[in-house]
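The values are calculated or read from the model by the stated rules, or taken from the named source; none is laboratory data. Computed from a predicted model, the values in this text were never measured in an experiment. Every residue, glycine among them, receives a Cβ derived from its backbone with ideal geometry; neighbour counts consider all protein chains shown. The area values use the complete protein model at the heavy-atom level, side chains included, leaving out ligands, DNA and RNA. Shrake-Rupley method; radii C 1.70, N 1.55, O 1.52, S 1.80 Å.
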Amino acid sequence: MPPAADAGQTGPDDIASPVAVAHPHVRTGIRVAFEQRLRMVVREDTTALTRKRVWTVLETNAWQGNIRRGARVAAVLVDNAVRHAGPFPDGTITLRVAVDADSGELILEVEDAYCHFPGFADATRHEDAVWGRPHGLWWVHHYRGRVAWTVKTDDDTQTVGKCVQVILPA
């Protein structure tokens, strides 16, 4: 179970150089070792619940990477979707948690109902956090992750939202 308030804590296992790059394309065709889709109902405690659920998924499936990092980034992605995009008409945001069978990398994908990502380049820069506090996608870079996004379409190829993908090293 994750520590209750680890968002502001850092330790030796949390330190990484911010070298991530924003990629224009979501990576597809990944052979997955395990995968789980979580429908997150948007409510006041969605971010905390996301962290706990992802922690459990990664621990249960014995992911070899840093579980705290994975859970933190998943919570940030869901929080960003809630704050800046919004849920689908059923009040949910979808989170896919998967691990690449070949590289062991963690793949996190969040789908929301907003089909645009204004300010993507700014949101994915790896500069220091605003006012000295980490925010949003800064955590992806801090943990040497890669971020991309694409428009999400339904079976009739109608645009219904977007998918933001983050890939974290094991």
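What net charge do the residues around Phe88 carry, taking every other residue with its C-beta under 12 Å from that of Phe88, with Lys and Arg at +1 and Asp and Glu at -1?
Working: positive: Arg39, Lys152, Lys162; negative: Asp90, Glu111, Asp112, Asp154.
Every neighbour counted, the sum reads -1.
Of the peptides 110-116, 52-58, 72-78, the ranking by mean beta-carbon count within 10 Å, highest at the top, reads 72-78, 52-58, 110-116.
Using a 1.4 Å probe and counting only protein heavy atoms, arrange Trp63, Trp149 so the residue with the most accessible area comes first. It would help to have the intermediate numbers written out before the result.
Values: Trp63 20, Trp149 60 Å².
If we order Trp63, Trp149 from most to least accessible, we get Trp149, Trp63.
What is the sum of charges around Ala33, taking Lys and Arg as +1, Asp and Glu as -1, for the other residues whose C-beta is under 11 Å from the C-beta of Ala33?
Local charge sum for Ala33: -3.
Sorting the Cα pairs of region 21-110 by distance into bins of 10 Å, from 0 upward, gives 17, 49, 31, 4 percent per bin.
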